[in-house]
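Novice: One structure, pasted below without further comment.
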Amino acid sequence: MKGYQINRAQMLKTSDGKVMLAITVISAVIAYLKGHLMQKIKDRGADVPESEIRWVVTVPAIWTDPAKQMMREAAEKAGIAKNQLILALEPETASMLCKHLPAVHLLSGDRTDKIETFRSGSKYMVFDAGGGTIDITVHEVLKGGFLKEIHAANGGDWGGKKVDEALEELLESIIGKAAVEHFRANEIPSVIDLHRNFEVKKKTFTGDDIGTKTSLTVSCSLLESFKEYNPGKSITDAIEENHCSTDVEWKRDKLRLSQKKTLSLFEQSFKHITDHMSDILSKPEVKDCEAILMVGGYSECLLLQDAIRTVAGDIRLIVPSDASLAVMKGAVINGHCPDTVSERVCKYTYGIGCRMVFKEGVHREDYRVINERGVVRCENCFSSFVEKGTHIKIGTSSFSDMFTVGTSGQTGLCLELYASTSVNPLYITEASCQKIGAITMDMPDTSLGLDRGACVTVYFGGSEVELKAVDKHTGNEIRACFDFLG
């Protein structure tokens, strides 16, 4: 399994080599946005105490549990109270917005009748395309307007930045990697301007007009970097070494690309997206999908819309106006109506590592142990409490059991949480399994010996995994949480 390497010691590095804890950087960004909002409220003469604000932080649906926990902790570090914070999944917030938009704001290739798309019983795909990630999930509308996830959120890092990377690779093939790196490190404002200019081109380029060239404004300092690292060499000669002169032209601050060369920048991103979407649309549970809802800034790219149409067939394509703001606007609705999504699909099989009664012919002999009570057990067993692919109703417990201490002198109850990509893993040592957290409940009073424990209830289906533990003697709730970050 991949994606569980995130921890509190994670570092971020700036372009000039400075490093800082990732959680510190994220927290500072959230704190700035929070302070900006509070100041705007104050400037308008409104008296809104922070205690009355519900804060919604959106995260990609494909993020792992440790990534979500880091975001929550960063928000709390920024001064947002835990009980006033909601972590919302981005495809779901976008979906909430589109349910509330007038039909005129939903653009479709054939019609703007949203009543059919969002009626009870209908299924539609949410395609959330941002700069970094592509998030895809499929929803079914239930009675009362509630949403049921029928295909677990998935996707990859195939967003608009893939096209940006292709542009940078093109520049490197012309002026050299050293020159591009020098430009990137020393001309940050110009780098930002280049990508902003390219962002506009990505959204407006259609590829329809054969012979038409795409013109990009590039900083003259980029050519200066080229001359510094390639003395005596002309930019025309550099282009002809790896490209056809009819495909690439560079004059002063203008880089002109042919239609063919421009389209090639999108190829890798589109291939990943269309292959993945074709695979999803072939699933039995998605067979009746009636529409694809495209949101996120990258969804405004006309070429991407055309690429999606090639695999969508007769399925309607819906792109709301201001698709790049759909997640943010939907998050506001989610803050007022947090229970809109009523059911989700579990992405992994979750369970705990434990010792089970040894079964001859089933369990591995090298895992055979005898505990202090003299009972033969098998260690390293995976005790599942919810399986991958299970449809879970949000707010209902999916697992509840009693756990007791293993020794009379034990002063705490520690449970290790595992996730597996397999439906029925037998051992926590299997390749499909990954330890993603630990639950520790302090029990310092050892006077009752082995007769100590807690009833543990695990809740699934929200944007995070939640836990409640109740001491079996006192009835007091033990505050414990999955510590995904280690």
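Novice: Can you confirm whether segment 37-56 contains a residue that is of a type outside the set (Ser, Thr, Tyr), closer than 30 Å to Arg184 by Cβ and either open to solvent by 80 Å² or more (accessible area, probe 1.4 Å) or in contact (Cβ under 8 Å) with a residue 40 or more places away in the chain (or both)?
Specialist: Within segment 37-56 (the criterion being of a type outside the set (Ser, Thr, Tyr), closer than 30 Å to Arg184 by Cβ and either open to solvent by 80 Å² or more (accessible area, probe 1.4 Å) or in contact (Cβ under 8 Å) with a residue 40 or more places away in the chain (or both)), the answer is no, since none of the residues qualifies.
Novice: Considering only residues that are without any contact (Cβ under 8 Å) to a residue 40 or more places away in the chain, among the β-branched types (Val, Ile, Thr) and under 14 Å from Thr214 (Cα atoms), which ones fall in segment 229-252?
Specialist: Thr246
Novice: Please pick out the residue among Val332, Val369, Val362 that is modelled with pLDDT of 90 or more, out of contact with any helix residue (DSSP H, G or I) (no Cβ under 7 Å at 6 or more places or on another chain) and in a strand (DSSP E or B).
Specialist: On inspection, the qualifying residue turns out to be Val369.
Novice: Within segment 273-287, which residues are in contact (Cβ under 8 Å) with a residue 12 or more places away in the chain and not basic (Lys, Arg)?
Specialist: Hits for segment 273-287 are Ile273, Thr274, His276, Met277, Ser278, Ile280, Leu281, Glu285, Val286.
Novice: Let me ask something else about it. Of all residues in segment 246-277, count the ones that are open to solvent by 60 Å² or more (accessible area, probe 1.4 Å) and either of a type in the set (Ser, Thr, Tyr) or under 28 Å from Trp158 (Cβ atoms) (or both).
Specialist: Total satisfying the criteria: 9.
Novice: Right, Lys68: surrounded by 12 or more Cβ atoms within 10 Å (Cβ to Cβ) and either aromatic (Phe, Trp, Tyr) or part of a helix (DSSP H, G or I) (or both) or not?
Specialist: So Lys68 fits the description; yes.
Novice: Where the second residue is open to solvent by 30 Å² or more (accessible area, probe 1.4 Å) and of a type in the set (A, V, I, L, M, F, W, C) and the first is in contact (Cβ under 8 Å) with a residue 40 or more places away in the chain and assigned to a loop (DSSP other than H, G, I, E, B) and lies in segment 375-396, which pairs have Cβ atoms under 6 Å and are six or more apart or on separate chains?
Specialist: Close Cβ pairs satisfying both conditions: Glu387/Val423; Lys388/Val423.
Novice: Exactly one condition in (1) over 18 Å from Lys161 (Cα atoms); (2) surrounded by 13 or more Cβ atoms within 10 Å (Cβ to Cβ); (3) modelled with pLDDT of 90 or more is not met by Asp237; state its number.
Specialist: Failing condition for Asp237: (2).
Novice: Something else now. Scan segment 185-203 and report the pairs whose first residue is open to solvent by 70 Å² or more (accessible area, probe 1.4 Å) and whose second residue is of a type in the set (S, T, N, Q) and part of a helix (DSSP H, G or I), with Cβ atoms within less than 9 Å and a gap of 6+ or a chain change.
Specialist: Close Cβ pairs satisfying both conditions: Asn186/Ser221; Asn186/Ser225.
Novice: Follow-up question, since we're still on this one. Can you tell me which residue in segment 299-310 is nearest to Ser324 (Cα to Cα), limited to those that are part of a helix (DSSP H, G or I) and open to solvent by less than 10 Å² (accessible area, probe 1.4 Å)?
Specialist: Ser299
Novice: State all residues of segment 71-96 that are open to solvent by 20 Å² or more (accessible area, probe 1.4 Å) and in a helix (DSSP H, G or I); if no residue qualifies, say none.
Specialist: Matches in segment 71-96: Met71, Arg72, Glu73, Glu76, Lys77, Lys82, Asn83, Gln84, Glu90.
Novice: I would also like to ask the following. Could you tell me which of the residues Pro444, Pro425 is under 25 Å from Ala469 (Cβ atoms), open to solvent by less than 30 Å² (accessible area, probe 1.4 Å) and part of a loop (DSSP other than H, G, I, E, B)?
Specialist: Pro425
Novice: In this structure, is Ala22 at pLDDT 95 or above and within 30 Å of Pro189 (Cα to Cα)?
Specialist: no
Novice: Moving on. Please list, ordered by first then second residue, the pairs with beta carbon atoms under 6 Å, 6 or more apart or interchain, first in segment 154-182 and free of Cβ contacts under 8 Å to residues at least 12 places away in the same chain and in a helix (DSSP H, G or I), second among the aromatic types (Phe, Trp, Tyr) and open to solvent by 50 Å² or more (accessible area, probe 1.4 Å).
Specialist: No pair meets every condition.
Novice: Of the residues that sit in segment 142-166 and are more than 20 Å from the chain's Cα centre (by Cα) and on the phi > 0 side of the Ramachandran plot, which one is most open to solvent (accessible area, probe 1.4 Å)?
Specialist: Only one residue fits best here, namely Gly144.
Novice: Related question: Taking the stated definitions as given, is Ala75 aliphatic (A, V, I, L, M), within 17 Å of the chain's Cα centre (by Cα) and modelled with pLDDT under 90?
Specialist: No, not satisfied.
Novice: Hey, could you check segment 1-20 for residues that are of a type in the set (A, V, I, L, M) and surrounded by 14 or more Cβ atoms within 10 Å (Cβ to Cβ) and say which is farthest from Tyr348 (Cα to Cα)?
Specialist: It comes out as Ile6.
Novice: Also: Sort out which residues of segment 129-141 are open to solvent by less than 10 Å² (accessible area, probe 1.4 Å) and in contact with a helix residue (DSSP H, G or I) (Cβ under 7 Å, 6 or more places away or on another chain), and write them in order of number.
Specialist: Ala129, Ile134, Asp135, Ile136, Thr137, Val138, His139
Novice: Are any residues in segment 333-363 open to solvent by 20 Å² or more (accessible area, probe 1.4 Å) and of a type in the set (Phe, Trp, Tyr), and if so, which ones?
Specialist: Tyr348, Phe358
Novice: Still on this model: Can you find a residue that is out of contact with any Ser or Thr (no Cβ under 8 Å at 6 or more places or on another chain), at pLDDT 85 or above and surrounded by 15 or more Cβ atoms within 10 Å (Cβ to Cβ) anywhere in segment 97-115?
Specialist: yes
Novice: Here's a follow-up. Identify, please: which residue in segment 402-413 is of a type outside the set (Ser, Thr, Tyr) and surrounded by 13 or more Cβ atoms within 10 Å (Cβ to Cβ) and is, among those, nearest to Val369 (Cα to Cα)?
Specialist: Gly406
The values are calculated or read from the model by the stated rules, or taken from the named source; none is laboratory data. Since the model is a prediction, treat every value here as computed from it, not as a measurement. Methodologically, a virtual Cβ is constructed for each residue, glycine included, from the backbone with ideal geometry; neighbour enumeration extends over all protein chains shown. Please note that ligands, DNA and RNA were not included when accessible areas were found on the heavy atoms of the full protein model with its side chains. Shrake-Rupley method; radii C 1.70, N 1.55, O 1.52, S 1.80 Å.
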